[in-house]
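Notes follow once the structure below has been shown.
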Amino acid sequence: MQFAASHSYSSLFQLLSLLLVPTATVRFRFMICVRFCLFSYELELNFKGFFFFFFFFQVLDSCATATDCGPGLYCGNCPAAGKTRPICTRGQATIPTSIIGNLPFNKYSWLVTHNSFSIVDAPSLPGVQRLTFYNQEDTVTNQLRNGVRGLMLDMYDFENDIWLCHSFRGQCFNFTAFQPAINTLREVEAFLSENPTEIVTIIIEDYVHTPKGLAKLFTNAGLDKYWFPVSKMPKKSEDWPTVNEMVQNNYRFLAFTSIASKESEEGIAYQWKYMVENESGDPGVKQGSCPNRKESQKLNSRKASLFLQNYFPTYPVENDACKEHSAPLAEMVGTCYKAAGNQLPNFLAVNFYMRSDGGGVFDILDRMNGQKLCGCNTVFACQNDVTRGISQAGEPFGSCKNISVPSRSPTTNTMGSFTGSVQFSRSTSVIHSLNCLVYLSFYIPLMLFLLRLQ
């Protein structure tokens, strides 16, 4: 397992960066890319098994292959955090409603994948080499099977259809496109059909200008039968219906758009009318600060009942995610909790959600739901407390079990019948990572070309 570059190669790329890259900021990013393209490590992300439970005593245990770890775990390491020894690492989220159910939807915290469609090694459907960034490592179906309950999707008009795409100067091109949006939405529909007690939220960065394009898209994907009507969404800071009520009414698909006019035109909820959100990209991971996104109300506003916390850097690097999803994420949750007036987020959005140095985003969500639902240090210590009646705003709904909760908590069975069957064994050595190759083979030459035009 090599994690070093020779001095001669390092010096060569330092020289190239000085000659080719005009500004210190861009030069720094270029050197980061080169460094990670030279450093490599193997991370085996194979696991099979039903999502019933995994043995908590296996988390952080040494492993050689995925078969050394229980269901819901994979064998990996985190050199970015100085942890090169492979250990059993969590790969699936707890569904909090399986522990304390029948509360309003806005009383829970859910895992969200940022740019859920932007998947490493996804085939290029436009038929050209894709030159863009990646944010996730497995299919949307597998994300949902692993407990992801929110998807952030960028939708564009492209090739007389609606596509999931990154943009270049605000436009979708064949080298930044991934696939027609209906493909991903059909994955969501299939999951909801197979799991009649699960709820999925999509948050759309919306560049679709086709009249009623999204409403038709939802109908064509078969999601209209699950669609939560915007007319029934709570106004201001009111509670949402309980999860049981949403399931009974089959309101299990929530959609939010970034275009305000589509609420009246297509019946799609305008995102910032119903949720507050912190800034995305680098400002959202800067320790000690949690500014609101400019479109959003202040985080401590009580005019919206949902809170989305973004936690992902502007430029995604797979190998850094395991470090980012440990102590830094926990600290940012605490920072944003204070900025939001002592409110924990309902949605936590991350890149490369499975990457961590042990428990990662899954453990942090367990702690968040423990605090929100019962005031415990983990959701596994929660128990329903029927004597409490209706909770006051901001107070927990359950109580803590009189047990000693292990720090390496097990997951539990969920309400659904789905299985955790994520299987991907691609080497994650970033020498193969197009996030780096984008810089080396596309953006750097493009920048030089633009400089010559000046």
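The values are calculated or read from the model by the stated rules, or taken from the named source; none is laboratory data. Remember, it's a predicted structure, so these values are computed and weren't measured experimentally. Please note: Cβ atoms are built from the backbone with ideal geometry, for glycine as well, and neighbour counts cover all protein chains shown.
Of note:
- Neighbours by Cβ (under 6 Å, 6+ apart or cross-chain): first from the range 358-384, surrounded by fewer than 24 Cβ atoms within 10 Å (Cβ to Cβ); second among the basic types (Lys, Arg): GLY359/ARG90; THR378/ARG367; ALA381/LYS401; GLN383/LYS401
- None of LYS298, LYS294 is without any contact (Cβ under 8 Å) to a residue 24 or more places away in the chain and within 16 Å of LYS338 (Cα to Cα) except LYS298.
- Set side by side, the residues PHE168, PHE178 differ, and just one is modelled with pLDDT of 95 or more and not acidic (Asp, Glu), which is PHE178.
- Test: residue in the range 62-76 that is at pLDDT below 95, of a type in the set (Val, Ile, Thr) and over 30 Å from ASP239 (Cβ atoms): yes
- Qualifying residue in the range 302-313 (condition: surrounded by fewer than 17 Cβ atoms within 10 Å (Cβ to Cβ) and more than 30 Å from SER326 (Cβ to Cβ)): yes
- Annotation note: of VAL350, VAL405, the sole residue that is under 21 Å from ILE95 (Cβ atoms), of a type in the set (Val, Ile, Thr), modelled with pLDDT of 95 or more and in the same structural domain as GLU194 (by TED's automatic domain parsing) is VAL350.
- Count of the range 314-341 residues which are crowded, with 19+ Cβ neighbours inside 10 Å, among the β-branched types (Val, Ile, Thr) and out of contact with any Lys or Arg (no Cβ under 9 Å at 6 or more places or on another chain): 1
- On inspection, TYR337 fails the criterion of being assigned to a loop (DSSP other than H, G, I, E, B) and of a type in the set (Ser, Thr, Tyr).
- Where strands (runs of 3 or more DSSP E) fall entirely within the range 161-240, none has at least 1 residues that are of a type in the set (Lys, Arg) and touching a Gly at 6+ places or on another chain (Cβ under 8 Å).
- Counted residues, the range 120-150 - those being modelled with pLDDT of 95 or more and of a type in the set (Phe, Trp, Tyr): 1
- Some residue of the range 97-119 being of a type in the set (Val, Ile, Thr), at pLDDT below 95, in the same structural domain as THR314 (by TED's automatic domain parsing) and part of a loop (DSSP other than H, G, I, E, B): yes
- Filtering ASP206, ASP138, ASP154, ASP161 for residues that are surrounded by fewer than 16 Cβ atoms within 10 Å (Cβ to Cβ) and of a type outside the set (A, V, I, L, M, F, W, C) leaves a single hit, ASP161.
- Meets criteria (over 30 Å from PHE158 (Cα atoms) and buried (at least 22 other Cβ atoms within 10 Å of the Cβ)) for GLY91: yes
- Restricting attention to the range 269-294, the residues that are in a loop (DSSP other than H, G, I, E, B), crowded, with 18+ Cβ neighbours inside 10 Å and more than 17 Å from the chain's Cα centre (by Cα) add up to 2.
- Unique match (being within 24 Å of ARG252 (Cβ to Cβ) and among the aliphatic types (A, V, I, L, M)) among LEU103, LEU125, LEU73, LEU131: LEU103
- Scanning the range 119-164 for residues that are among the hydrophobic types (A, V, I, L, M, F, W, C) and without any contact (Cβ under 8 Å) to a residue 24 or more places away in the chain yields PHE158, TRP163.
- Checking each residue in the range 236-268 for being surrounded by fewer than 18 Cβ atoms within 10 Å (Cβ to Cβ) and either of a type outside the set (Gly, Ala, Ser) or touching a Phe, Trp or Tyr at 6+ places or on another chain (Cβ under 7 Å) (or both) picks out LYS236, GLU238, ASP239, THR242, ASN244, GLU245, GLN248, ASN249, ASN250, ALA260, GLU265.
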